[in-house]
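Below: the structure, in structure tokens.
The values are calculated or read from the model by the stated rules, or taken from the named source; none is laboratory data. Predicted, not measured: the structure shown is a model, and the values here were computed from it. Here the Cβ is made from the backbone with ideal geometry for all residues, glycine too, and neighbour counts use every protein chain on show.
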Amino acid sequence: MNDEYRRQAPEPLTPLPFNLSPAVKRTLSCGMNLVSVHDDRQPLVNFRLILGTGDIHDPEGGTGVASAVASLLNEGTENYASRELAEEVDRLGAALSASSASDHAVVKASALSGFASEVLDLLAELVLRPVFPENELELYKQNAIEGLKYQRSQPDFLADEQVGRVVFGDHPYSINSPTPDDIKSLTREALAEFHAGAYVPNNAVLVAVGAIAPDVLADELEERFRKWNAGELTEKQFPDPPARSERTLTIVDRPGSSQANIVLSNLAIDRRSPDYFPVLVMNQVLGAGASSRLFMNLREEKGYTYGAYSRIYARRFGGSFEATAEVRTAVTGDSLKEFFYELERIRTDAVPEDELRDAKNFLTGVFPIRVETQGGLIGQIAAQQVYGLPDDYLETYADNVRAVTAEEVRRVAEAYIHPDNIAMVVVGDAGDVLKQTSAYTDNVDVFDTEARRKDLDALLAAQDAPDADVAGVWQVDISAQGQDLSLKLELEQDGSDVTGSIDSMLGQGTLKDGTVSGAGLKGTLVTEMQGQEIELEISASVSGDSMEGLITIPLMGEPLPFKGSRVKTE
Amino acid sequence: MTTNFEIGDILLEQYSIENGLRVILNPDDSVPVVSVAVYYDVGSRNEWQGKSGFAHLFEHMMFQGSENVGKAEHFQFIMKAGGTMNGTTSSERTNYYETLPANQLPLALWLESDRMRSLAVTQENLDNQREAVKEEKRLRYDNQPYGQIFDILISMIYKNFANAHSTIGSMEDLDDATVEDVREFFRIYYAPNNAVLVISGSFGTETAKELVEKYFGSIPAQQLPPKIDVEEPSEVAETYREYHDPLAPLPAFLMGWKIPPRRTKEFHALYLAGKLLYDGDSSRLYQKLVKGEESVTQLFGFTDERRGPSSVMIGAIPKPDKDLDRIRRTIVEEIRELATNGPRPEELEKLRNQLINSEVRSRQSSLSRAQTIAEYALYDGDPGVINEEIHELLSITADDIRSAADKYLNTENRALLDVIPASAA
């Protein structure tokens, strides 16, 4: 028995209007702007003090300064040691933190509204009176350098680094992270100087959402910030990103990698572009979500990947488009084919009505869900301030999404996606990737995971090279989570077949299914650990008496890199 | 502890429809958003030997389509309406929920009711979801460093199978499951009279009631599921075990204590004792181990809250070459200190402010309200407890915390699991 009304999804009810409390704007006597929304549904307050200075404003030769300044604000002030700040914040049941992004820095504070005064005291203390203690800076440097080592093992990070470099060139949006040398050369003096120049009221806006009346809040802020002195702000000029005239491929070589991280990217819009809403809808149709075209094609239909997406990075002084997926190495070329198919399709064909409607429904639907909490709402208002969006931006958001037409979607896709001169970045085994990408460009650069350029001709030659001779005894060093593990590998070779045995501190084992093809060595090491048999996939590139590659422990996340050298020839 | 904050009551209307489905409405029109939560009174506690993992397997089955909703369409319907959704399984319950623009309430009720009345329990769905669960087990438990240690500790703390086995269950049991077993499980546990439906957010109560009747009214009630026994002796089942974790980069340990059921005064006192010991940068153990001794990279602890006997767990991943025994001694000494002298006045102030803050914060989101209300309705038979438990917690005294810590934590009656990494073999 099936009731008729159950057969189809029901029609929605009448949409309810979304009435946000109006934001009140004013300027305090020190010159800082205040934007506040009086929201007394719950006895909570949320504050964000935003500085219009971010990582792109790092001083000449001081990459990483802006970020270090923000990170160290709560590690010691004139009146509180780091630990005292932590204890005071916890005693209030409050939260307080600071961070820096490319366009701006932000200090966030939230608490029960009964503690608004106390938490504003702490917020002012962080912004006005940080001291950047020498010992805390040292600890910060150590942790940041350790963190970078981990980052360099992550393919996402390696891809971002190259995408930034290729797409943004000398523009500071190209920098995805300071280098260890940048971090080592940070000094207390440089931090204090940056703080003195950037943390000034004429560069600041305080956004508040919470159960506090705007007048009361303004008085509280006057009390704490009245003596904050304005500074001189210099408009920084940024170099133009490079103009592109052809498609390029940049490979970050991870020999033996079974995965390839693909990113296709070109310049697109800044955050205030009049095309922002059509681009938002276009991106939703193309790849923003798990019902968008890229996901449905590359994952659902083809099964090349767990997820394929596109993104729009619209920032203050520019921005970019990216399409990305992490795929099995063997389908790198096939994946590129589907990417280009989808990029061309959305530029050429009008989006069907139902697909357009679904994309718009999603965008207008999640919007109120995202601003349900004070924390969500303040994020939206803060973005409005950072990017200088119109006052009625939130109120008109849904209408602006709904107004986008199929023709606009096609037009902005054509205007902002450039398949013919897009930058392709692939993190993966360069040899395997190169075999599959020749149809897409012959402008190719290869780097290693330390961002050093590699010799492309040598790589190409290695592909046509006769099978390497691998016989002998190899000393292999695996670097695992900062620890080194070494093992001895004894190999025998018969044509392209390889057999052998391993000997390590963990136990002994054998090599099965070993093969050599050109410079590539592949096989499975079968060994015993804790009485359990485990299989380690090994994949390496051999050059003379040395090899480098990756060893994969089944399903254990990232493969571990290793290097080997021949200690004895058979 | 006293409070000078007025915490307003959450507005609730509770009723049952004829088939026994309990419905709780929590209208709040501050944002045009609605959340729907359906909680079934079935978790791993309802499983018996030979049938472990069924509750969780079933959570997967619930996304495989029903009479009018195709396989995996549930997700697409919600996405296209601009919503979010999920489902989870614990020892206590299996839940399903979605948050949508307020005018999409009918969609959520249609989707939830269709799978409650007509889930597609087929051999094909069973086979592929069984494989999906195995894959999930491999990814989330077997092949993650430290991925299995919580399940192992649970099995050491409890003696009763209903409490001691994991939610993910045994793969042999799942392999043995027949489509008839699964149909029977669905019939017994996924009945309207074994579920709670909560609607929270912006909606008219009359409209909501009509929609609930329209979509859920004709689903037949079933006989109530068999009673279960989760009683435990006070001793822990096993006090020490070593576990060799081939994926762990560093040694670690986990300690566990058996404590009284949720919402008892002693449970509340121990929950607060735990917060003082391990919660946040100003907690006692963080300041002693992560800061002071600098012997630990990661410190963690939590209370496992159950309707029956519950537990407290504290664990640490020490820095390389640190003496684990010494770290454990510090933990035991800190517990003894708390059990002897009780919390300091400033700690009580911190607890009070953190409790009120998190209570108020969690009320902002319709989904969080719907979930909390559903739990109280299911566990306590009274959703109104959402307005009471915060006051129960705030009335716990320093001496309540001291004496509960003394009785339940300051004791040798605890489980200790040592995790030994492969590199130490």
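Filter the range A:1-16 down to residues that are charged (D, E, K, R) and part of a loop (DSSP other than H, G, I, E, B), then give me how many there are.
Looking only at that region, the number is 3.
So A:Ala66 passes all but one of these: (1) buried (at least 18 other Cβ atoms within 10 Å of the Cβ); (2) in contact with a Pro (Cβ under 6 Å, 6 or more places away or on another chain). Which condition number does it fail?
Only one criterion in (1) buried (at least 18 other Cβ atoms within 10 Å of the Cβ); (2) in contact with a Pro (Cβ under 6 Å, 6 or more places away or on another chain) is unmet by A:Ala66, namely (2).
With surrounded by 15 or more Cβ atoms within 10 Å (Cβ to Cβ), among the polar types (S, T, N, Q), out of contact with any His (no Cβ under 9 Å at 6 or more places or on another chain) and modelled with pLDDT of 80 or more as the only criterion, which of A:Ser504, A:Ser565, A:Ser543, A:Ser539 stands out?
Unique residue meeting the criteria: A:Ser539.
Would you mind finding the one in B:Val121, B:Val133, B:Val179, B:Val196 that is buried (at least 23 other Cβ atoms within 10 Å of the Cβ), aliphatic (A, V, I, L, M) and more than 14 Å from every other protein chain (Cβ to nearest Cβ)?
Of B:Val121, B:Val133, B:Val179, B:Val196, the one residue that is buried (at least 23 other Cβ atoms within 10 Å of the Cβ), aliphatic (A, V, I, L, M) and more than 14 Å from every other protein chain (Cβ to nearest Cβ) is B:Val196.
Might you check whether a residue that is in a helix (DSSP H, G or I), within 14 Å of chain B (Cβ to nearest Cβ) and either crowded, with 17+ Cβ neighbours inside 10 Å or among the hydroxyl-bearing types (Ser, Thr, Tyr) (or both) occurs anywhere in the range A:320-337?
No: the range A:320-337 contains no residue that is in a helix (DSSP H, G or I), within 14 Å of chain B (Cβ to nearest Cβ) and either crowded, with 17+ Cβ neighbours inside 10 Å or among the hydroxyl-bearing types (Ser, Thr, Tyr) (or both).
Residues in the range B:254-271: is at least one under 30 Å from B:Glu333 (Cβ atoms), part of a helix (DSSP H, G or I) and out of contact with any helix residue (DSSP H, G or I) (no Cβ under 7 Å at 6 or more places or on another chain)?
Checked the range B:254-271: at least one residue is under 30 Å from B:Glu333 (Cβ atoms), part of a helix (DSSP H, G or I) and out of contact with any helix residue (DSSP H, G or I) (no Cβ under 7 Å at 6 or more places or on another chain).
Name the single residue that is farthest from the other protein chains (Cβ to nearest Cβ) among those in the range B:199-224 being part of a strand (DSSP E or B) and within 23 Å of B:Asp41 (Cα to Cα).
Per the criteria, the residue is B:Ile199.
Restricting the search to the range B:233-256, which residues are closer than 15 Å to B:Tyr408 by Cα and within 14 Å of chain A (Cβ to nearest Cβ)?
Those that are closer than 15 Å to B:Tyr408 by Cα and within 14 Å of chain A (Cβ to nearest Cβ): none in the range B:233-256.
Somewhere in the range A:496-508, is a residue of a type in the set (Val, Ile, Thr), in a strand (DSSP E or B), out of contact with any Lys or Arg (no Cβ under 8 Å at 6 or more places or on another chain) and within 14 Å of chain B (Cβ to nearest Cβ)?
There is no residue in the range A:496-508 that is of a type in the set (Val, Ile, Thr), in a strand (DSSP E or B), out of contact with any Lys or Arg (no Cβ under 8 Å at 6 or more places or on another chain) and within 14 Å of chain B (Cβ to nearest Cβ).
Given the conditions (1) buried (at least 19 other Cβ atoms within 10 Å of the Cβ); (2) free of Cβ contacts under 8 Å to residues at least 40 places away in the same chain, report the number of the one that A:Ala468 does not fulfil.
Going through the list (1) buried (at least 19 other Cβ atoms within 10 Å of the Cβ); (2) free of Cβ contacts under 8 Å to residues at least 40 places away in the same chain, A:Ala468 breaks only (2).
Would you point out the residue of the range B:86-102, among those that are under 20 Å from B:Lys137 (Cβ atoms) and of a type outside the set (Ser, Thr, Tyr), that is surrounded by the most Cβ atoms within 10 Å (Cβ to Cβ)?
Restricting to residues being under 20 Å from B:Lys137 (Cβ atoms) and of a type outside the set (Ser, Thr, Tyr), the top hit is B:Gly87.
Determine whether A:Pro242 is within 21 Å of A:Val425 (Cα to Cα), surrounded by fewer than 23 Cβ atoms within 10 Å (Cβ to Cβ) and in contact (Cβ under 8 Å) with a residue 40 or more places away in the chain.
Judged against the criteria, A:Pro242 is a match.
Can you tell me which residues in the range B:27-57 are in a strand (DSSP E or B) and more than 14 Å from chain A (Cβ to nearest Cβ)?
Across the range B:27-57, the qualifying residues are B:Ala37, B:Val38, B:Tyr39, B:Tyr40.
Which one of these does A:Ala458 not meet: (1) out of contact with any Ser or Thr (no Cβ under 9 Å at 6 or more places or on another chain); (2) under 28 Å from A:Ser153 (Cβ atoms); (3) surrounded by fewer than 15 Cβ atoms within 10 Å (Cβ to Cβ)?
(1)
Mind checking whether some residue in the range A:438-445 is under 33 Å from the mean Cα position of the chain (by Cα) and outside any loop (DSSP other than H, G, I, E, B)?
Within the range A:438-445, one or more residues are under 33 Å from the mean Cα position of the chain (by Cα) and outside any loop (DSSP other than H, G, I, E, B).
Restricting attention to helices (runs of 4 or more DSSP H) lying wholly within the range B:317-383, give those where 1 or more residues are over 21 Å from the mean Cα position of the chain (by Cα) and of a type in the set (A, V, I, L, M, F, W, C).
Result: B:324-341, B:345-362.
Would you tally the residues in the range B:195-223 being out of contact with any Leu (no Cβ under 7 Å at 6 or more places or on another chain) and either closer than 26 Å to B:Gln123 by Cα or acidic (Asp, Glu) (or both)?
Summing the residues that are out of contact with any Leu (no Cβ under 7 Å at 6 or more places or on another chain) and either closer than 26 Å to B:Gln123 by Cα or acidic (Asp, Glu) (or both) in the range B:195-223 gives 8.
I'm trying to understand the selection: among the residues of the range A:17-52, which are away from chain B (no Cβ under 14 Å), among the aliphatic types (A, V, I, L, M) and not in a loop (DSSP other than H, G, I, E, B)?
A:Ala23, A:Val24, A:Leu34, A:Val35, A:Leu49, A:Ile50, A:Leu51 - these are the residues of the range A:17-52 that are away from chain B (no Cβ under 14 Å), among the aliphatic types (A, V, I, L, M) and not in a loop (DSSP other than H, G, I, E, B).
Out of everything in the range A:371-386 that is hydrophobic (A, V, I, L, M, F, W, C) and away from chain B (no Cβ under 13 Å), what residue ends up being farthest from B:Ser365 (Cα to Cα)?
Per the criteria, the residue is A:Val386.
Can you tell me which residue within the range B:132-177, out of those that are β-branched (Val, Ile, Thr) and either modelled with pLDDT of 90 or more or in contact with a Gly (Cβ under 6 Å, 6 or more places away or on another chain) (or both), is nearest to B:Val236 (Cα to Cα)?
Among residues in the range B:132-177 that are β-branched (Val, Ile, Thr) and either modelled with pLDDT of 90 or more or in contact with a Gly (Cβ under 6 Å, 6 or more places away or on another chain) (or both), the one nearest to B:Val236 (Cα to Cα) is B:Ile157.
Among the listed residues A:Leu72, A:Leu120, identify the single one that is more than 10 Å from chain B (Cβ to nearest Cβ), crowded, with 22+ Cβ neighbours inside 10 Å and closer than 18 Å to A:Glu220 by Cβ.
Going through A:Leu72, A:Leu120 in turn, the sole match is A:Leu120.
I'd like the residue in the range A:1-10 that is within 21 Å of B:Leu105 (Cα to Cα) and more than 7 Å from chain B (Cβ to nearest Cβ) and, out of all such residues, is surrounded by the fewest Cβ atoms within 10 Å (Cβ to Cβ).
Restricting to residues being within 21 Å of B:Leu105 (Cα to Cα) and more than 7 Å from chain B (Cβ to nearest Cβ), the top hit is A:Glu4.
Of A:Ala81, A:Ala109, which residue is at pLDDT 95 or above and either within 22 Å of the chain's Cα centre (by Cα) or within 14 Å of chain B (Cβ to nearest Cβ) (or both)?
A:Ala109
Does the range A:14-32 contain any residue that is farther than 30 Å from B:Leu111 by Cβ, at pLDDT 95 or above and buried (at least 20 other Cβ atoms within 10 Å of the Cβ)?
yes
Among the candidates B:Thr397, B:Thr372, which residue alone is surrounded by 19 or more Cβ atoms within 10 Å (Cβ to Cβ), within 30 Å of A:Ala116 (Cβ to Cβ) and more than 14 Å from chain A (Cβ to nearest Cβ)?
B:Thr372
Taking the range B:335-352 on its own, how many of its residues are crowded, with 22+ Cβ neighbours inside 10 Å and more than 22 Å from B:Pro260 (Cβ to Cβ)?
So the answer is 1.
Residues in the range A:45-60: is at least one surrounded by fewer than 18 Cβ atoms within 10 Å (Cβ to Cβ) and in contact (Cβ under 8 Å) with a residue 60 or more places away in the chain?
yes
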